[in-house]
Protein chains: 2
Amino acid sequence: MDAPKPTLPRLDESLLTHLPPFSRLERRQIRTVLDQASVRRYDAGAHIFEEGAPADRFYMLLDGYVRVVRITATGEQVTALHIPAGQLLGIAKAIGRETYPATAMTATEALALSWPTRLWDDFVATYDGFATETYKTVGQRVGEMNTRVVEMATQQVEQRVANALLRLVNQTGRKVEDGIEIDFPITRQDLSELTATTLHTVSRLLSAWEKLGLVESRRKRIKVRDPHALVVLAQP
Amino acid sequence: MDAPKPTLPRLDESLLTHLPPFSRLERRQIRTVLDQASVRRYDAGAHIFEEGAPADRFYMLLDGYVRVVRITATGEQVTALHIPAGQLLGIAKAIGRETYPATAMTATEALALSWPTRLWDDFVATYDGFATETYKTVGQRVGEMNTRVVEMATQQVEQRVANALLRLVNQTGRKVEDGIEIDFPITRQDLSELTATTLHTVSRLLSAWEKLGLVESRRKRIKVRDPHALVVLAQP
DNA sequence: CGGGCGTTTGAAAACTGTCAATGCTAGTGG
DNA sequence: CCACTAGCATTGACAGTTTTCAAACGCCCG
């Protein structure tokens, strides 16, 4: 919400060198980019920007996970997607918008760089590969949204939840002993907002799957023990 | 699917002068753009391009309506959006994709220009306003998809169908005596693919609304007589 | 004028949501 | 260090919208 403030120590260039939108830049260019950036740490659950607000800044998530949600007139939340560290967000400018199309809130403690949106056109024009890579990101997100529309239109709840779990595990999974765990705290409610159902139904499904040995879950943590069996469930 | 072929008579420049992506171009530039274009007429129901195919060309729809659909593994169709004359389509390149993300089929007889995708970067670089306007188009479509996800996640079928009807009427409505009619042939099945329900449910809803005097419909035609009442129905 | 395709309608079944109540966990503060 | 409590999760019973299944109708185009 309030404007991010620059930190005193200079940011290290290695922060960006391996991230796609900046990977083709020279050291000197990265220096310039970093000198224009603000860093900020966010608590878990903090709002980075709000749907409908002027798109003042765009962000690069350095650490943590962000949930992109829309909130309906009646107060219900619908989660559009999750963004892992290393991706841009708040890039309204890339799709010709002056305001943010959704609210971004952190799913974990997070760290992000940001730049004033007025620098966007500079970045696109000046930095080789920046535009290409950001449009790829847009493309992936559009693709993912598309997939969700198709799923919601054609599949039953069980399949949607299974698919959502698999996607989370693929995108943000952390390999642990006997399974893969979703790398951030996620509640039944969160999962239900991602799959257009209720927390009750999600709870029942997870309980059932746990009895079958497909998943294991504690409060806010979900571990998938048998991804393949889930893939089977996810099919109609 | 075979390649569009150029027509013999030269295309008139006035075709493009008032269309957003080209409206800032000079006459001479439009001439160049047109000389590189192919025109083609499509029958109603024809496929312009297919999901997953290499994005060889991008298109400007000059007349008619196009339906963008995705087809699931089990053969069900889900309609993503409708595109009216005057808009670009097949602009995979704008979102960093090499293949079309969905199938485009005509809802009516249609007329479209097209260019080889290799010209895309030229267009973006050379023509003032082209990039900006196309990204606005992308933004609008993303916004619309977003809205549909939210609707599907939070609303009942009746509200979704009402909202879909209103959107169609707003975007492609033609004012007629005592009402506004959707400007292209649309079946119950089509509407159900747009709202994630079945043709039966759509049929029942339309029958009920017709009894109430909100709409009037014949085979493949829907006329909205009382948009305001529909807006009320569309609310939760 | 015929038939195909779109449409209508009834009845029954099925998912899934709603309501309600309780149990449990993890973090907080004394 | 332990008790407390707020938030998260579980579960049963029930209701209701929506789909599914089936059958028949009727409009339009060729």
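The values are calculated or read from the model by the stated rules, or taken from the named source; none is laboratory data. Keep in mind that this is a model prediction, so the values were computed, not measured. Every residue, glycine as well, gets a Cβ built from its backbone with ideal geometry; the counts of neighbours run over all protein chains shown. Remember, those area values only see protein heavy atoms, side chains included, never the ligands or the DNA or RNA. Shrake-Rupley method; radii C 1.70, N 1.55, O 1.52, S 1.80 Å.
Considering the range A:65-93, and only residues there that are among the aliphatic types (A, V, I, L, M) and assigned to a loop (DSSP other than H, G, I, E, B), the residue that is nearest to A:Leu199 (Cα to Cα) turns out to be A:Ala73. All of A:Glu158, A:Glu151 fail the test of being within 16 Å of DNA strand C (Cβ to nearest atom) and more than 20 Å from B:Pro101 (Cα to Cα), apart from A:Glu158. Is at least one residue of the range B:44-64 surrounded by fewer than 17 Cβ atoms within 10 Å (Cβ to Cβ), assigned to a loop (DSSP other than H, G, I, E, B), of a type in the set (Asp, Glu) and at pLDDT below 95? No, every residue in the range B:44-64 fails to be surrounded by fewer than 17 Cβ atoms within 10 Å (Cβ to Cβ), assigned to a loop (DSSP other than H, G, I, E, B), of a type in the set (Asp, Glu) and at pLDDT below 95. Candidates B:Glu144, B:Glu151: the one that is within 22 Å of the chain's Cα centre (by Cα), more than 16 Å from DNA strand D (Cβ to nearest atom) and among the charged types (D, E, K, R) is B:Glu144.
Per the conditions (1) among the charged types (D, E, K, R); (2) under 22 Å from A:Val149 (Cα atoms); (3) touching a residue at least 60 places away in the same chain (Cβ under 8 Å), the sole criterion not satisfied by B:Arg57 is (2).
Screening the range A:196-234 for residues that are open to solvent by less than 30 Å² (accessible area, probe 1.4 Å) and within 14 Å of another protein chain (Cβ to nearest Cβ) and picking the one that is farthest from DNA strand C (Cβ to nearest atom) gives A:Ala234.
Among the residues of the range A:95-120, those that are more than 10 Å from every other protein chain (Cβ to nearest Cβ) and part of a helix (DSSP H, G or I) comprise A:Thr117, A:Arg118, A:Leu119, A:Trp120. Among the residues of the range A:124-142, those identified as without any contact (Cβ under 8 Å) to a residue 40 or more places away in the chain and within 7 Å of chain B (Cβ to nearest Cβ) are A:Thr132, A:Gly139, A:Val142. What do you reckon, is B:Ala73 surrounded by fewer than 19 Cβ atoms within 10 Å (Cβ to Cβ), within 10 Å of chain A (Cβ to nearest Cβ), of a type outside the set (D, E, K, R) and closer than 23 Å to B:Arg148 by Cα? Yes. Number of residues in the range B:182-229 that are of a type in the set (A, V, I, L, M) and within 22 Å of the chain's Cα centre (by Cα): the value is 9. Total residues in the range A:151-176 satisfying the condition of being within 14 Å of chain B (Cβ to nearest Cβ) and not small (Gly, Ala, Ser): the figure is 10. For the range B:172-195, filtered to residues that are without any contact (Cβ under 8 Å) to a residue 24 or more places away in the chain and open to solvent by 40 Å² or more (accessible area, probe 1.4 Å), the residue that is nearest to DNA strand C (Cβ to nearest atom) is B:Arg188.
Any residue that is crowded, with 20+ Cβ neighbours inside 10 Å, within 27 Å of A:Trp209 (Cα to Cα) and in contact (Cβ under 8 Å) with a residue 60 or more places away in the chain - is there at least one of those in the range A:88-97? The answer is no, given that none of the residues of the range A:88-97 is crowded, with 20+ Cβ neighbours inside 10 Å, within 27 Å of A:Trp209 (Cα to Cα) and in contact (Cβ under 8 Å) with a residue 60 or more places away in the chain. Being surrounded by fewer than 16 Cβ atoms within 10 Å (Cβ to Cβ) and outside any strand (DSSP E or B) is the requirement here; does A:Asn146 meet it? Against the criterion (surrounded by fewer than 16 Cβ atoms within 10 Å (Cβ to Cβ) and outside any strand (DSSP E or B)), A:Asn146 does not qualify.
Which residues, counting only those in the range A:76-88, are within 14 Å of chain B (Cβ to nearest Cβ) and closer than 11 Å to A:Tyr59 by Cα? Those that are within 14 Å of chain B (Cβ to nearest Cβ) and closer than 11 Å to A:Tyr59 by Cα: A:Gln87, A:Leu88. Among the residues making up the range B:196-236, a single one is near DNA strand D (Cβ under 10 Å from one of its atoms), part of a loop (DSSP other than H, G, I, E, B) and more than 30 Å from A:Gln155 (Cβ to Cβ): B:Arg219. Among the residues of this structure, A:Val169 does not count as one that is within 13 Å of DNA strand D (Cβ to nearest atom) and part of a helix (DSSP H, G or I). Pairs only if they're at least six apart or on different chains, beta carbon under 8 angstrom, first in the range A:207-221 and among the hydroxyl-bearing types (Ser, Thr, Tyr), second within 9 Å of DNA strand D (Cβ to nearest atom); list them, first residue then second. Listed by first residue and then by second, the contacts come to A:Ser217/A:Leu206; A:Ser217/A:Glu210.
In the range A:172-195, which residue that is of a type in the set (Val, Ile, Thr) and not in a strand (DSSP E or B) is nearest to DNA strand D (Cβ to nearest atom)?
The selected residue is A:Thr187.
Residues in the range B:123-143 that are of a type in the set (D, E, K, R) and surrounded by fewer than 17 Cβ atoms within 10 Å (Cβ to Cβ): B:Asp128, B:Lys136.
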